[in-house]
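The values are calculated or read from the model by the stated rules, or taken from the named source; none is laboratory data. A quick note: this is a predicted structure, and the numbers were derived from the prediction, not measured. All Cβ positions, even for glycine, are placed from backbone atoms using ideal geometry, and neighbour counts span all protein chains on display.
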Amino acid sequence: MFACINGQQIPAGVSLGEFAYTFSPLVEETAADTVVIDVEGCALRFGSTYELANEIAKQAKVSKEFGGLGCKVNVALAGNPDAAIHAAKFCVGVTFTAPGEELTCLGRLPLKALQYSLAGVEESQAAEILETLSLWGVHTFEQFAALPVAGVSERLGQNGLKLQKLAGGKTNRHLKLKQPDPVFKNSLELEYPISQLEALSFILARLLNQTCASLNAYALATNVLQVELKLENGALHEHKLNLPYPMRDHKVFLKLLLLDTEMRPPPAAVVGVSVNCEPVKPRVLQTGLFIPLAPEPEKLELMLARLAKLVGAENVGSPELLDTHRPDAFRVKRFELKETKRNRGRSRRQTADGRQQTADSRRQKDNPKFTLGFRRYRPPLRALVQTERGSPMTISAWNKNKSVYGKVVCAAGPWRTTGEWWRADAWARDEWDVAIESRGQRPEVRSQWSEDAKGAGSQVGPTQILYRIYRELRSGTWFVEGIYD
């Protein structure tokens, strides 16, 4: 059985849904003034369903301070929700309709009172069907329900059949229960302050377990986890974990938070803990049938957290080039995994690009060209350079692992680069490409250079090596930046 409560003059600030929850946990909020509850089993508490309906009508007259609505309501009992809704809207007081006898209560209602939205019929289609029925001389629920089903189906279609079942009180559906909003925030007030990390870990484990259980219940994950620690002095100490991909493993969260707390411990004892997360869709990853991921994403994140604790969070991540002309300008940012959706058009385009690259590589093999590779010295070699009229003549540079020395036989440059004059570390330097006599150094480079030079018809001899050097304009110091292969 289902009970529908309809209130026409509900005071402002009073919720009909909250009032219905005091009688049954299964409530459908059909409209602002109409709710339907499932009263199956409530007779054990109230004696019978009819006594329950009388209790609802009596309790609604009580003021809000005592758990009522402060107004009169219509209560209808029926075997299906839709019949109860029609009876509560158009019948005053308490109405009881036995299953199978819905037309005894609803039969005289006009078709204009038919709530077509309950059957999932659009307004324009319902208006057209009701107009057709009016032309046929059908004006009440009882007359509409008496029409032959085959004729209604042939002339009015499936929507006509839905409305006929609705008028006859023969619909059968489940209640659209109002689901509570998911909560992904848990907090706990402590009875006494905690100043040790081991004791705090038990509190964090409990809250994280509750949060991850909520995520699992809704098939979600999170990539942002926030922890607020309320301190004894009234201040707040926050920890925020930005994960590279969505996770919901409370054990991994606990280890990451403990590592972060060890790096940034709270300045006072903790009297309250709050854990909050931002839910997102979990990451879907195709894995092998018998081979697991290597390494596992959770273990990789823990390893990165341990490294950040040892060397600092600013020294762990992935390099990112800066939008500047400064040589070797980059920064270390936190590693984030960005997934891109592939579509069929893109895959076809990539296939076409791969075929074009293959064709280009074949042409290069047929028509070889002289190409150079550049290996940069990190850090650059500090050099002693003798110049004549501003051009380098001899170079001598060395460190523990390599050395560069010899006479410059060919030079190109200088190319001056400057920038960021407003900063204290502004750069300004002149760059040169120079060929140096090898004098027996690096024979493997000399032989490779000679083969490429002969094939390209270059004037540089087989005993010469090509370097990139530059001079800092502010200090006048020379450096060897790298070697061409």
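If you check S438, S447, S458, which single one turns out to be assigned by TED's automatic domain parsing to the domain that holds T387, touching a Ser or Thr at 6+ places or on another chain (Cβ under 8 Å), closer than 21 Å to L372 by Cα and at pLDDT below 85?
Criteria check complete, one pass: S438.
The residues of region 200-226 that are under 26 Å from P267 (Cα atoms), in contact with a Phe, Trp or Tyr (Cβ under 9 Å, 6 or more places away or on another chain) and part of a strand (DSSP E or B) amount to a single one, L225.
Does S15 satisfy the criteria of being in the same structural domain as A87 (by TED's automatic domain parsing), more than 21 Å from A83 (Cβ to Cβ) and of a type in the set (G, A, S)? So S15 fits the description; yes.
Here is the figure for region 40-55: residues that are modelled with pLDDT under 85 and in contact with a Leu (Cβ under 6 Å, 6 or more places away or on another chain) total 3.
Each row is one residue, and each column tells you yes or no for (1) of a type in the set (K, R); (2) at negative phi; (3) surrounded by 13 or more Cβ atoms within 10 Å (Cβ to Cβ); (4) not in a helix (DSSP H, G or I).
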site	(1), (2), (3), (4)
I85	no, yes, yes, no
G100	no, no, no, yes
K112	yes, yes, no, no
S153	no, yes, yes, no
G160	no, yes, yes, no
A167	no, yes, yes, no
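When both residues are 6+ apart or on different chains and their Cβ atoms are under 7 Å apart, which pairs have a first residue that lies in region 122-144 and is surrounded by 11 or more Cβ atoms within 10 Å (Cβ to Cβ), and a second that is in a strand (DSSP E or B)? Matching pairs, first to second residue: H139/P110; T140/P110. Among the residues making up region 1-55, those that are closer than 23 Å to Q179 by Cβ and assigned to a helix (DSSP H, G or I) are L16, G17, E18, F19, A20, Y21.
Of all residues in region 114-140, those satisfying the criterion of being within 10 Å of L163 (Cα to Cα) and assigned to a helix (DSSP H, G or I) are Y116, S117, L118, A119, A126, I129, L130. Out of A31, A12, one residue alone is modelled with pLDDT of 85 or more and of a type in the set (G, A, S). It is A31.
Residues of region 59-79 that are in a helix (DSSP H, G or I) and either polar (S, T, N, Q) or surrounded by 12 or more Cβ atoms within 10 Å (Cβ to Cβ) (or both): Q59, A60, K64.
For residues that are in contact with a Pro (Cβ under 8 Å, 6 or more places away or on another chain) and surrounded by 15 or more Cβ atoms within 10 Å (Cβ to Cβ), scanning just region 381-415, find the one that is farthest from E472 (Cα to Cα). So, considering only residues that are in contact with a Pro (Cβ under 8 Å, 6 or more places away or on another chain) and surrounded by 15 or more Cβ atoms within 10 Å (Cβ to Cβ), the one farthest from E472 (Cα to Cα) is V408. All of (1) touching a helix residue (DSSP H, G or I) at 6+ places or on another chain (Cβ under 8 Å); (2) in contact (Cβ under 8 Å) with a residue 12 or more places away in the chain; (3) assigned by TED's automatic domain parsing to the domain that holds Q9 hold for P99 with one exception: (1). Scan region 11-29 for residues that are in contact (Cβ under 8 Å) with a residue 60 or more places away in the chain and touching a helix residue (DSSP H, G or I) at 6+ places or on another chain (Cβ under 6 Å) and jot them down. Selection gives V27, E29.
Per-residue answers, yes or no, for (1) buried (at least 17 other Cβ atoms within 10 Å of the Cβ); (2) modelled with pLDDT under 90; (3) of a type outside the set (K, R); (4) within 26 Å of D181 (Cβ to Cβ):
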site	(1), (2), (3), (4)
A219	no, yes, yes, yes
Q226	no, no, yes, yes
H237	no, no, yes, no
L241	yes, yes, yes, yes
P246	yes, yes, yes, yes
L256	yes, yes, yes, no
D260	yes, yes, yes, no
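Out of P182, P244, which single residue is in contact (Cβ under 8 Å) with a residue 12 or more places away in the chain, of a type outside the set (V, I, T), within 30 Å of S24 (Cα to Cα) and touching a Phe, Trp or Tyr at 6+ places or on another chain (Cβ under 6 Å)? I'd like the intermediate steps shown before the answer.
Working: P244 fails: within 30 Å of S24 (Cα to Cα).
Checking each option against the conditions leaves just P182.
Let me confirm something: among E198, E278, which residue is more than 30 Å from L147 (Cα to Cα), in contact (Cβ under 8 Å) with a residue 12 or more places away in the chain and among the charged types (D, E, K, R)? None of the others qualify; the one that does is E278. L256 meets the conditions (1) closer than 22 Å to L300 by Cβ; (2) part of a strand (DSSP E or B); (3) of a type outside the set (K, R) in every case but one. The failed one is (2).
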